[in-house]
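The values are calculated or read from the model by the stated rules, or taken from the named source; none is laboratory data. Values in this document were obtained by computation on a predicted structure and should not be read as measured data. Positions of Cβ are generated from backbone atoms using ideal geometry, with glycine treated the same way; all protein chains shown enter the neighbour counts.
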Amino acid sequence: MSTAVLRGYPRSLSCNASTVVIRLMTAADGPALSAFVQTLSSRDLLFVRRDITHPKVIMAWLQALEQGNVTSLVAYDGDELVGCTAIVSDTLSWSRHVGEMRVLVAPAWRGCGLGRALIQECFALGLERGLEKLTVQMTVDQQAAITVFEELGFRAEAVLHKHVKDHEGNAYDLALLSHDVAEVQALMETLGVPEALDSEG
Ligand SMILES: CC(C)(COP(=O)(O)OP(=O)(O)OC[C@H]1O[C@@H](n2cnc3c(N)ncnc32)[C@H](O)[C@@H]1OP(=O)(O)O)[C@@H](O)C(=O)NCCC(=O)NCCS
């Protein structure tokens with residue numbers, strides 16, 4: 001699996017009458033990332049395995065970037081971090097061909113296309129890294145996000161009942177969606193799609 005990112009950044013996008021800049025996250029984004037997670041409700045964070053409001057978890061995230069187990073993007077409006085993504089994989093695991101995607105947008109920046117753009121960029125990075133299967137988890141009420149992932153070819157694989165609890169002790173169901181990239185690519189090759197696309201250039 002490749003960890004080098006070839007996709008070109010920064011990229012920009014119009015949102016909320018601003019130009020939001022999307023680029024790769026580095027350790028220098030730590031303070032802006034900590035400020036960003038404080039804008040999110042615990043409900044928004046339930047799909048992330050660890051509570052990212054803890055400074056130690058943020059520190060581990062930034063270290064994982066350097067170790068190559070995580071590739072993340074950040075979206076900035078000026079100096080304010082307004083969204084981010086992560087693809088998490090573990091090269092030492094039996095599931096080293098699988099990447100878990102995570103996407104978060106600040107509440108004040110939702111509904112203007114930033115989430116869709118980040119989900120698409122994160123997916124493109126997963127393909128570029130050569131991951132064979134991509135997964136994403138979210139509480140079942142995140143219908144907008146589920147729709148965007150389904151449009152990219154993700155399908156529901158499981159619902160984990162009462163799998164996460166917020167700080168108040170309320171339990172929620174978690175949906176697990178996945179995309180078998182390798183299977184889709186093999187199907188496209190069987191159907192001759194790559195050749196059809198190549199011949200247009
Ligand atoms: C999921 C999330 C990233 C979406 O971010 P966003 O910036 O609002 O997304 P977009 O503005 O690109 O909207 C995506 C689509 O959902 C639709 N949508 C947005 N809010 C919606 C809502 N409340 N109800 C129904 N549809 C909605 C939009 O119309 C858009 O569809 P379109 O492009 O066809 O118009 C954001 O809500 C979030 O951070 N949620 C908490 C974390 C989470 O659950 N992440 C997903 C798991 S990784």
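Within the stretch 67-109, count every residue that is hydroxyl-bearing (Ser, Thr, Tyr) and outside any loop (DSSP other than H, G, I, E, B). Give the steps one after another, and end with the answer.
Within the stretch 67-109, the subset hydroxyl-bearing (Ser, Thr, Tyr) is 71-72, 76, 85, 89, 91, 93, 95.
Keeping just the survivors that are outside any loop (DSSP other than H, G, I, E, B) gives 71-72, 76, 85.
Summing the residues that are hydroxyl-bearing (Ser, Thr, Tyr) and outside any loop (DSSP other than H, G, I, E, B) in the stretch 67-109 gives 4.
Mind checking which residues of the stretch 134-180 are in a helix (DSSP H, G or I) and not acidic (Asp, Glu)?
Selection gives Gln143, Ala144, Ala145, Ile146, Thr147, Val148, Phe149.
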Tell me whether the stretch 62-76 contains one or more residues that are in contact with a strand residue (DSSP E or B) (Cβ under 8 Å, 6 or more places away or on another chain), modelled with pLDDT of 95 or more and surrounded by fewer than 16 Cβ atoms within 10 Å (Cβ to Cβ). no
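From Glu128, Glu168, Glu132, which residue is of a type in the set (Asp, Glu), in contact with a helix residue (DSSP H, G or I) (Cβ under 9 Å, 6 or more places away or on another chain), within 22 Å of His97 (Cα to Cα) and more than 16 Å from the ligand (Cβ to nearest atom)?
Details: Glu128 fails: in contact with a helix residue (DSSP H, G or I) (Cβ under 9 Å, 6 or more places away or on another chain); Glu168 fails: within 22 Å of His97 (Cα to Cα).
Just a single option satisfies the conditions, and that option is Glu132.
Answer with yes or no whether Val20 is part of a strand (DSSP E or B), under 22 Å from Leu134 (Cα atoms) and in contact with an Asp or Glu (Cβ under 7 Å, 6 or more places away or on another chain). Please lay out each step first, then the result.
Values: part of a strand (DSSP E or B): yes; under 22 Å from Leu134 (Cα atoms): no; in contact with an Asp or Glu (Cβ under 7 Å, 6 or more places away or on another chain): yes.
So Val20 fails the test.
Within the stretch 105-128, can you find the residues that are farther than 13 Å from Val20 by Cβ and either buried (at least 18 other Cβ atoms within 10 Å of the Cβ) or of a type in the set (Phe, Trp, Tyr) (or both)?
Passing the criteria: Ile119, Cys122, Phe123, Leu125, Gly126.
Among the residues of the stretch 143-163, write down those that are within 9 Å of the ligand (Cβ to nearest atom) and either in contact with a His (Cβ under 6 Å, 6 or more places away or on another chain) or free of Cβ contacts under 8 Å to residues at least 40 places away in the same chain (or both).
Selection gives Gln143, Ala144, Ile146, Thr147, Val148, Phe149, Glu151.
Of everything in the stretch 90-103 that's small (Gly, Ala, Ser) and surrounded by fewer than 22 Cβ atoms within 10 Å (Cβ to Cβ), which residue is farthest from Leu177 (Cα to Cα)? Write out each step before concluding.
First, the residues of the stretch 90-103 that are small (Gly, Ala, Ser): 93, 95, 99.
Next, from what is left, pick out any that are surrounded by fewer than 22 Cβ atoms within 10 Å (Cβ to Cβ): 93, 95.
Details: Ser93: 20, Ser95: 16 Å.
So the residue we want is Ser93.
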